[in-house]
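For reference, the structure discussed in these notes is given below.
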Amino acid sequence: MLGPMDLSNAELFTWGRDCEGWKFLERPDLSINYERIPPARGEIQHYHRKSREFYFILSGEGSFIIGKDKQLVRSGQGLEIPPGMLHSLWNDGVEDLLFLLISAPHTKGDRVNLG
């Protein structure tokens, strides 16, 4: 779609337990999602065979588990996850965790869950 994207015209999807995402751009070489994780929710550990991801936190703070290490990322900060890197993201805060997730190439069919 050409033109401005926002939550009113992006495709909504749900994932995990009570988490939501909106597809701002979805192409085989690149995807950009706006996502929301409510407090005390998150995703299971996984990795991507080919996709490189960049998370940019818009609001709240998230705890990334990368391998066996924990990394706190706050509003206004971003974190790159290279292909093959085991990771998960959890909202330990009291407000919704809002972030942009940029993936190149697209993650469809590229995710391997470990839990």
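Every number here is computed from the coordinates shown, using simple stated rules; none is lab data. Source: prediction; values computed, not measured. Note that we place each Cβ from the backbone using ideal geometry, even for glycine, and neighbour counts take in every protein chain shown.
Report which label in (i) 41, 32, 25; (ii) 49, 38, 26; (iii) 72, 37, 28 holds the value of Cα extents along the principal axes in Å derived from the coordinates of this structure.
For Cα extents along the principal axes in Å, the calculated option is (i).
Over region 34-99, what is the relative contact order in percent, taking alpha-carbon pairs closer than 8 angstrom and at least six residues apart? Write down the numbers at each step before the final one.
Numbers: 160 pairs, mean separation 33.2, N = 66.
Value for region 34-99: 50 percent.
Explain nothing, just compute: Karplus ³J(HN,Hα) = 6.51 cos²θ - 1.76 cosθ + 1.60, θ = phi - 60°, for every residue of region 76-82 in order, whole Hz, x for Gly and Pro.
Per residue, the Karplus-derived 3J(HN,Hα) values read x, 10, x, 8, 9, 10, x Hz.
By the scheme Lys and Arg +1, Asp and Glu -1, what is the net charge of all other residues having a beta-carbon under 15 Å from that of residue 74?
Numbers: positive: 70; negative: 61, 92, 95, 96.
Net of charged neighbours comes to -3.
Give me the extension gain from residue 59 to residue 74: residue separation times 0.36 nm, minus the current Cα-Cα distance, reported in nm with one decimal.
On the way: separation 15, 0.36 × 15 = 5.40 nm, distance 0.75 nm.
My answer for the length gained is 4.7 nm.
Which ³J(HN,Hα) values, rounded to whole Hz and listed in residue order, are derived for region 5-15 from phi using the Karplus coefficients 6.51, -1.76 and 1.60 in 6.51 cos²θ - 1.76 cosθ + 1.60 with θ = phi - 60°, glycine and proline given as x?
10, 8, 5, 7, 10, 8, 6, 8, 9, 10, 8
If the only charges are +1 at each Lys and Arg Cβ and -1 at each Asp and Glu Cβ, what is the size of the charge dipole of region 34-99 around the Cα centre, to the nearest 20 debye?
Numbers: 8 positive and 9 negative charges, 58 e Å.
It works out to roughly 280 debye.
Given an 8 Å cut-off on Cα distances and at least 6 residues of separation, report the relative contact order of the chain as a percent.
Values: 293 pairs, mean separation 37.4, N = 115.
With pairs under 8 Å counted, the relative contact order is 32 percent.
Residues in region 60-102, backbone N under 14 Å from the label point at residue 13 (7 Å along the Cα-to-beta-carbon vector): list them, ranges by number please.
Label zone hits: 101-102.
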